[in-house]
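Encoded as structure tokens, the structure appears first; notes follow it.
The values are calculated or read from the model by the stated rules, or taken from the named source; none is laboratory data. All figures in this text were calculated on a predicted structure; none of them were measured in a lab. Note: ideal-geometry Cβ built from the backbone for every residue, glycine included; neighbour counts use all protein chains shown.
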Amino acid sequence: MRELYISTDIEADGPIPGPHSMLSFGSAAFTEEGELIGTFTANLETLPEATMHPETQKFWDRNEKAWAACREDPIEPKIAMEDYKEWLNSLDGKPVFVGFPAGFDFTFIYWYLIRFTEQSPFSFSALDMKTYAMAVMQTPFRRSTKRGFPRKWFKKGLPHTHVALDDAIEQGYLFCNMIKARKELNGDRNK
């Protein structure tokens, strides 16, 4: 079964799930060749026991449009995650979570999937774009930042808006261009 790369971005009101809520998430499914084959997005109601982290509040105060976008028509987390799991399972391929940074976005997605559906179609793993870039560019991890990525990796006209689906699509194209660069470096021997 072919792998599908599920570029995912989340917006939250704090650094970890549970004490803080995932406010919104967006996923864009890509083939290895860079074809966008589907998207999923949802804005979520906050967890009743969660609170906004003071540092995260400062971020949202600076990003009012993104805040308004992630608070539009929120739904219950259980409904959102059940629909998301169904969408992932309906894809024609094995979903591979891709995040930037995966350690943050995957933590929320995995926690919410397990809490509200008791299952993760991603299993326990996620692919981190920064680590992948480190390998492709052969640079130290701390120097593997978007500022240092080759400009040709970025798709023109896709700004980083802090709206989850916009950012998932933007980083999905970026990741597919990283795959292309790796294949060029390796003479496409790792197909």
(request) Residues being surrounded by fewer than 24 Cβ atoms within 10 Å (Cβ to Cβ), assigned to a strand (DSSP E or B) and without any contact (Cβ under 8 Å) to a residue 60 or more places away in the chain: count how many of those fall in the stretch 6-33. (result) 1
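Considering only residues that are farther than 20 Å from Phe124 by Cβ and of a type outside the set (D, E, K, R), which ones fall in the stretch 88-105?
Initially, the stretch 88-105 is screened for residues farther than 20 Å from Phe124 by Cβ, giving 90, 92.
Within the stretch 88-105, Ser90 is the sole residue that qualifies.
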(message) If Glu3 satisfies all but one of (1) surrounded by 18 or more Cβ atoms within 10 Å (Cβ to Cβ); (2) within 30 Å of Lys183 (Cα to Cα); (3) of a type in the set (D, E, K, R), what's the number of the condition it fails?
(response) (1)
(request) Inspect the stretch 87-95 for any residue being in contact with a strand residue (DSSP E or B) (Cβ under 6 Å, 6 or more places away or on another chain), more than 23 Å from Pro17 (Cβ to Cβ) and part of a loop (DSSP other than H, G, I, E, B) and give the result as yes or no. (result) yes
(request) For Thr31, indicate whether it is modelled with pLDDT of 95 or more, hydroxyl-bearing (Ser, Thr, Tyr), in contact with a Lys or Arg (Cβ under 8 Å, 6 or more places away or on another chain) and closer than 19 Å to Gly172 by Cα. (result) yes
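Each row is one residue, and each column tells you yes or no for (1) β-branched (Val, Ile, Thr); (2) within 17 Å of Phe25 (Cα to Cα); (3) surrounded by 15 or more Cβ atoms within 10 Å (Cβ to Cβ); (4) modelled with pLDDT of 95 or more.
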| site | (1), (2), (3), (4) |
| --- | --- |
| Ile37 | yes, no, no, yes |
| Gln57 | no, no, no, yes |
| Arg62 | no, no, no, yes |
| Ala102 | no, yes, yes, yes |
(request) Output the residue which, of all residues in the stretch 118-142 that are of a type in the set (D, E, K, R) and in contact with a helix residue (DSSP H, G or I) (Cβ under 8 Å, 6 or more places away or on another chain), is surrounded by the most Cβ atoms within 10 Å (Cβ to Cβ). (result) Asp128
(message) Just to be sure I understand the filter: pairs with C-beta atoms under 6 Å, separated by 6 or more residues or on different chains, first member in the stretch 47-63 and closer than 12 Å to Ala12 by Cα, second member modelled with pLDDT of 95 or more and among the polar types (S, T, N, Q). Which pairs pass?
(response) Leu47/Ser21; Ala50/Ser21
